[in-house]
Amino acid sequence: MAPLLTLDGLSVFYGRRPIIENLSLTPITGGGVTALIGPNAAGKTTLLRALAGLVPAKGSIRLVGMASPAHPLELTGLPVSQHARHVTYMPQALPQRVALTVFEATLSALMSARSDVVLSTSEAQARALETLERLGILDLSRRGLDELSGGQRQLASLAQSLVREPTVLLLDEPTSALDIHHQMRVMQLVAELARERSIIVVIVLHDIAQAARYCQRIVVLEHGVVAADGLPEQAITPQMLARVYKVEARVEPCSQGFLQVIVDRAA
Amino acid sequence: MRPPSAPAGPQAEVRHASHAGERAAYARLVRRRILLVAGLGALMLVALLFDIATGPSNLPLADVVSGLLNPSGLDAPSRVIIWEVRLPYALMAVLVGTALALAGAEMQTILNNPLASPFTLGVSSAASFGAALALVLGVSLPLIPADWNLPAFAFIFALGSVLMLQAMANLRGTGVETLVLFGIALVFTFNALVALVQYVASQEALQQLVFWSMGSLSRASWDKLGVLALVILAVVPFSLKASWRMTALRLGEDRARSFGISVRQLRFFSLLRVSLLAATSVAFVGTIGFIGLVAPHIARLLVGEDHRFFLPASMLAGAVIMSLASVGSKLIVPGALLPVGIVTALVGVPFFMVLIFARRERL
Ligand SMILES: Nc1ncnc2c1ncn2[C@@H]1O[C@H](COP(=O)(O)OP(=O)(O)OP(=O)(O)O)[C@@H](O)[C@H]1O
Ligand SMILES: [Mg+2]
């Protein structure tokens with residue numbers, strides 16, 4: 001059975017300031033990719049960090065169907081070491097000036113918390129190499145992180161998340177620095193992984209057409225509130241784009257049937 | 001990353017070959033780093049021997065070596081020179097270099113700042129203030145032998161300053177930048193306090209204070225060596241145990257936490273280790289600024305930031321520089337023993353420059 005992630009009455013504060021208030025969603029199902037979209041400062045990163053247990057949150061985040069479906073795992077308030085067994089988060093910001101190779105960095109994702117992952121060094125190495133290969137960056141494995149291009153660095157960062165093989169994979173704008181080839185490649189890979197391992201993937205994207213093409217569900221966030229939620233064709237509408245993004249836009253299928261967003265002007 | 005069914009045929013074979021190639025390359029990298037660390041260790045031993053053999057009284061190297069191996073074969077004056085002066089000084093240089101470098105390396109990682117060191121974040125200034133109080137105001141602690149009074153004061157203040165950093169770190173919402181700023185604020189505060197004490201100090205006390213703050217190995221003794229060695233031995237296993245976690249922390253705080261690392265806890269215990277190492281060293285030899293900053297940079301240039309190699313390389317680099325500085329302090333002005341704190345930068349900077357330029361060539 002594919003796992004489910006449920007969010008109920010979730011509130012997140014930075015200091016006293018509420019960023020997300022009392023947010024609930026119908027369960028997010030494993031096996032497909034859920035896109036989280038919305039304008040800048042809508043609270044996408046904040047929501048993802050709350051799901052990852054990196055900011056304290058009120059309310060409930062439950063993982064259902066892990067060991068026994070009858071006993072959902074309450075994620076809020078779980079210590080990081082236990083949280084990380086199920087959930088991995090890829091941050092939006094990438095570290096600067098790190099004197100580690102791509103391979104070492106990927107390896108450290110497994111070796112630094114070995115008690116949760118239970119792997120031998122050799123298994124960890126094999127898994128790191130498979131991950132790099134699937135991302136198409138095996139040839140970068142010996143290169144230093146500080147000598148990579150922005151896009152290469154983003155791929156290396158993605159590898160550090162994928163290698164942990166989590167049940168819940170949270171990706172914060174993983175394709176923002178990538179060329180079109182690599183964007184496609186990453187989106188295909190993520191969709192494939194979600195299907196193969198029936199894991200839950202939540203991905204923050206700014207490219208709405210891409211979200212529509214690769215994701216089964218689109219959640220639109222605006223000022224910490226869900227502005228639209230559903231299948232791509234339900235969530236992505238000219239009305240939503242006008243209201244949330246303040247643009248006049250058309251939503252039309254292309255000759256192959258994929259939704260395209262054509263923006264005419266900023267309203 | 002495993003596909004559900006293992007792919008067979010030529011593709012799988014190519015894949016195996018390339019994976020094996022990468023594994024071999026990594027094994028070579030690890031081997032090279034172990035060799036580099038071992039090389040630093042050998043360099044340290046040479047520097048140590050050189051340090052023991054150098055001094056105003058001309059003892060030939062052969063005599064020094066035989067005197068070390070077989071003390072009873074020495075005449076009394078030589079024995080005193082080797083066993084009560086040169087050896088403790090030289091070992092103190094090595095231990096202080098090791099301790100300050102490890103403290104600096106851990107600080108740079110957990111504060112994510114390449115300029116962090118016990119010196120730049122106020123530990124040494126705090127120790128100076130403690131020493132100033134002891135020297136100038138003549139206060140003494142109960143139950144502490146007279147010649148341990150000054151180190152005890154310096155230790156308490158140094159420890160206090162790191163614990164203040166620690167308390168800051170535990171406030172919710174303080175980023176590492178705030179911590180570094182707070183450390184710099186501590187430097188200025190304690191320097192101002194030291195200046196204040198100096199202003200009211202007697203001529204004689206002032207002279208002692210200035211000499212103390214320059215950092216000198218002449219305060220070395222076997223019991224102090226024992227204490228410092230114990231501190232290092234107690235701390236190092238925990239540092240090494242945290243090495244993978246510190247490596248992961250280099251990838252960012254959120255990242256490390258999403259690997260399951262409790263960054264708060266890592267930072268807390270690391271700062272505790274740093275405070276012990278830095279406070280003990282500074283208490284025994286005074287202010288020695290450059291080592292904690294530069295030794296980790298040298299290590300980083302040599303072995304990168306896999307902390308399994310980075311931490312040992314930092315310690316050994318610190319020990320080598322301190323040893324060479326100790327040699328320099330005896331040679332620069334013949335017949336005089338300069339305070340080693342003055343010499344560390346003079347020795348460390350060129351060493352550092354050579355490495356930076358050597359690296360540029362390679363690129
Ligand atoms: N560490 C923080 N402290 C205080 N406020 C914060 C912090 N991080 C984000 N915020 C605020 O929370 C709100 C939501 O920010 P968030 O980063 O979640 O937006 P986002 O949807 O990810 O935007 P973007 O598309 O620009 O990445 C913003 O108003 C921002 O100012
Ligand atoms: Mg964001």
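The values are calculated or read from the model by the stated rules, or taken from the named source; none is laboratory data. Predicted model, so just to flag it, every value in this text is computed and none were measured. Neighbour counts run over all protein chains shown; Cβ positions are idealised from the backbone, glycine included. Surface accessibility is based on the protein's heavy atoms, side chains included, excluding ligands, DNA and RNA. Shrake-Rupley method; radii C 1.70, N 1.55, O 1.52, S 1.80 Å.
Of the strands (runs of 3 or more DSSP E) that lie entirely inside the stretch A:156-243, those containing 1 or more residues that are away from ligand 2 (no atom under 16 Å from the Cβ), open to solvent by 50 Å² or more (accessible area, probe 1.4 Å) and within 28 Å of A:Ser11 (Cβ to Cβ) span A:225-230. Residues that are more than 16 Å from ligand 2 (Cβ to nearest atom) and closer than 26 Å to A:Val244 by Cα: does the stretch A:67-81 have at least one? No, because not a single residue in the stretch A:67-81 is more than 16 Å from ligand 2 (Cβ to nearest atom) and closer than 26 Å to A:Val244 by Cα.
For the stretch A:3-37, the tally of residues that are within 14 Å of chain B (Cβ to nearest Cβ) and of a type in the set (D, E, K, R) stands at 2.
Only one of the listed residues (A:Gln216, A:Gln183, A:Gln234, A:Gln239) is more than 14 Å from chain B (Cβ to nearest Cβ), touching a strand residue (DSSP E or B) at 6+ places or on another chain (Cβ under 7 Å), more than 16 Å from ligand 1 (Cβ to nearest atom) and not acidic (Asp, Glu). That residue is A:Gln216. Under the condition of being open to solvent by less than 10 Å² (accessible area, probe 1.4 Å) and among the β-branched types (Val, Ile, Thr), which residue from the stretch B:281-308 is nearest to the other protein chains (Cβ to nearest Cβ)? Ranking the candidates gives B:Val303 first. Taking the stretch A:77-116 as the range and being more than 7 Å from chain B (Cβ to nearest Cβ), outside any loop (DSSP other than H, G, I, E, B), within 17 Å of A:Gly144 (Cβ to Cβ) and more than 18 Å from the chain's Cα centre (by Cα) as the test, the residues that pass are A:Thr101, A:Val102, A:Leu107.
Which of the residues belonging to the stretch A:39-51 are at positive phi and more than 9 Å from ligand 2 (Cβ to nearest atom)?
None - no residue of the stretch A:39-51 is at positive phi and more than 9 Å from ligand 2 (Cβ to nearest atom), so the list stays empty.
Mind listing whichever residues of the stretch A:21-68 are within 12 Å of ligand 1 (Cβ to nearest atom) and of a type in the set (Val, Ile, Thr)? Across the stretch A:21-68, the qualifying residues are A:Ile37, A:Thr45, A:Thr46, A:Val55.
When A:Ala42, A:Ala35 are screened for being open to solvent by less than 40 Å² (accessible area, probe 1.4 Å), farther than 18 Å from A:Thr167 by Cβ and in a loop (DSSP other than H, G, I, E, B), only A:Ala42 passes. With the condition kept exactly as written, say whether any residue in the stretch A:192-206 is away from chain B (no Cβ under 14 Å), within 13 Å of ligand 1 (Cβ to nearest atom) and more than 21 Å from A:Leu4 (Cα to Cα). Checked against the condition, which is being away from chain B (no Cβ under 14 Å), within 13 Å of ligand 1 (Cβ to nearest atom) and more than 21 Å from A:Leu4 (Cα to Cα), the stretch A:192-206 yields at least one hit. Among the residues of the stretch A:47-85, those identified as of a type in the set (Val, Ile, Thr) and in contact with a Leu (Cβ under 9 Å, 6 or more places away or on another chain) are A:Ile61, A:Val64, A:Thr76, A:Val80.
For the stretch A:69-109, filtered to residues that are among the hydroxyl-bearing types (Ser, Thr, Tyr) and in contact with a strand residue (DSSP E or B) (Cβ under 9 Å, 6 or more places away or on another chain), the residue that is farthest from ligand 1 (Cβ to nearest atom) is A:Thr101. When the stretch B:199-222 is filtered for residues that are touching a Leu at 6+ places or on another chain (Cβ under 6 Å) and open to solvent by less than 60 Å² (accessible area, probe 1.4 Å), the ones remaining, listed by number, are B:Ala205, B:Leu209. Of the residues making up the stretch A:117-155, those that are surrounded by fewer than 18 Cβ atoms within 10 Å (Cβ to Cβ) and assigned to a helix (DSSP H, G or I) are A:Thr121, A:Ser122, A:Glu123, A:Ala126, A:Asp139, A:Asp146, A:Glu147, A:Gly150, A:Gly151.
Per-residue answers, yes or no, for (1) closer than 21 Å to A:Gly53 by Cβ; (2) open to solvent by 30 Å² or more (accessible area, probe 1.4 Å); (3) facing chain A (nearest Cβ under 8 Å); (4) among the hydroxyl-bearing types (Ser, Thr, Tyr):
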residue: B:Lys224; (1), (2), (3), (4): no, no, no, no
residue: B:Val227; (1), (2), (3), (4): no, yes, no, no
residue: B:Val231; (1), (2), (3), (4): no, no, no, no
residue: B:Ala234; (1), (2), (3), (4): no, yes, no, no
residue: B:Leu240; (1), (2), (3), (4): no, yes, no, no
residue: B:Arg245; (1), (2), (3), (4): yes, yes, yes, no
residue: B:Ala248; (1), (2), (3), (4): yes, no, yes, no
residue: B:Gly252; (1), (2), (3), (4): yes, no, yes, no
residue: B:Arg257; (1), (2), (3), (4): yes, yes, yes, no
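Filtering the stretch B:69-122 down to residues that are hydroxyl-bearing (Ser, Thr, Tyr) and within 26 Å of B:Glu253 (Cα to Cα), which residue is surrounded by the most Cβ atoms within 10 Å (Cβ to Cβ)?
Here is the first cut: in the stretch B:69-122, the ones hydroxyl-bearing (Ser, Thr, Tyr) are B:72, B:78, B:89, B:98, B:109, B:117, B:120.
This time we only want the ones that are within 26 Å of B:Glu253 (Cα to Cα), so: B:109, B:117, B:120.
Details: B:Thr109: 26, B:Ser117: 29, B:Thr120: 20.
Once the filter is applied, the top-ranked residue is B:Ser117.
Per the conditions (1) at the interface with chain B (Cβ under 7 Å from one of its Cβ atoms); (2) of a type in the set (Val, Ile, Thr); (3) farther than 26 Å from A:Glu196 by Cα, the sole criterion not satisfied by A:Thr131 is (3).
Output the number of residues of the stretch A:5-20 satisfying the condition of being near ligand 1 (Cβ under 10 Å from one of its atoms) and in contact with a helix residue (DSSP H, G or I) (Cβ under 8 Å, 6 or more places away or on another chain).
Final tally of qualifying residues: 4.
A:Leu54 falls short on exactly one of the conditions (1) buried (at least 16 other Cβ atoms within 10 Å of the Cβ); (2) within 16 Å of ligand 2 (Cβ to nearest atom); (3) closer than 26 Å to A:Val244 by Cα, and that condition is (3).
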